[in-house]
Amino acid sequence: MFLSPFHQATPAGIRISPQQASRFAKEVAGDFNPIHDPDAKRFCVPGDLLFSLALDRYGLHRRMGFSFSGMVGPDVTLIFPEGDEERFAIADAKGKKYLQVERAEERTLDRELIEAFARAYVAFSGRNFPYILVPLMAERQVMLNPDRPLVIYESMSFDLDRLDFSQPRLELAASRLEVQGRRGDVWLEFHVLAEAGKIGTGRKKLVLSGLQPYDAARVQGLVEALLARQHKYLPA
């Protein structure tokens, strides 16, 4: 299972160390957001890792939705409930909910297909910054706080036409940024493609906080710092 290096299954539940979360973010998702660094003051587990673990545990349904209600800190024990409910929550031992999952229609438990779909999604997700978000910010003339850039993964859903496909990949279909004071809501529409063409659609919502007036030089500095982190971790 490709997720084995990125979590520990214990009798009490699933635990994810900061080192495991950071490796997943960088090596699988290509996500170099400092908030996923093991020593980050506001460290959190990547939402894409929780999504991938949910697919691995429950299978891939034709229709699924994921809504995040909290950020998972270091070494939190997560309980993935048993059962066949269409809607359920992944929470910790104290009942704090972190991820709401909805599922409907047919399901596949094909391990290779589930891994391929998870990898395709997290690869798309890892490109959100800077390749999608920076042009949106330039268009709306706002930017993240370079000293404390915070992008919150709020929700994602998809609807697949069928489950007998291979070689999935995701392609951006449309994007928009709605600004409300210092907060920005980003909507990303995507197509799910496979060997025979388009097989589904999806939607993702991100929340940007602490927005400031756009400064091209500072945004470029933020992008260069992120790319430098990437090149340092993954040398050519």
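At-a-glance table
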| item | result |
| --- | --- |
| Cα-based helix-to-principal-axis angle, 111-126 vs the chain, degrees rounded to 10 | 10 |
| Neighbour cut-off at most 13 other Cβ (10 Å), DSSP loop, trypsin sites (Lys or Arg not before Pro), the stretch 110-157 | none |
| Relative contact order computed over the stretch 108-175 (Cα-Cα under 8 Å; 6+ residues apart), in percent | 60 |
| Relative contact order of the stretch 116-236, pairs being alpha-carbon contacts under 8 Å that are 6 or more residues apart, as % | 30 |
| The stretch 4-233 - charge dipole about Cα centre, Lys and Arg +1 at Cβ, Asp and Glu -1, debye rounded to 20 | 660 |
| Within the stretch 162-218: Cβ-based charge dipole about Cα centre, in debye rounded to nearest 20 (Lys, Arg +1; Asp, Glu -1) | 180 |
| Principal-axis tilt of helix 216-233 within the chain, Cα atoms, nearest 10 degrees | 50 |
| Contact order normalised by residue count of the chain, Cα under 8 Å, 6+ apart, percent | 17 |
| Mean Cβ count within 10 Å, highest first, over the residues of peptides 48-57, 84-93 | 48-57, 84-93 |
| Furthest towards positive pole of dipole, 40, 151, 83, structure part the stretch 4-233, Cβ charges | 40 |
| From the C-alpha gyration tensor of the chain, square roots of 5λ in Å | 28, 22, 17 |
| Selected from 5, 173, 231, residue furthest toward positive end of dipole (the chain; charges at beta carbon) | 231 |
| Inter-centroid distance (Cα atoms) of the stretch 166-205 relative to the stretch 106-134, Å | 11 |
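A short reminder: the numbers here are calculations on the coordinates, not readings from a lab. Because the structure is a prediction, the values reported are computed rather than measured. Here the Cβ is made from the backbone with ideal geometry for all residues, glycine too, and neighbour counts use every protein chain on show.
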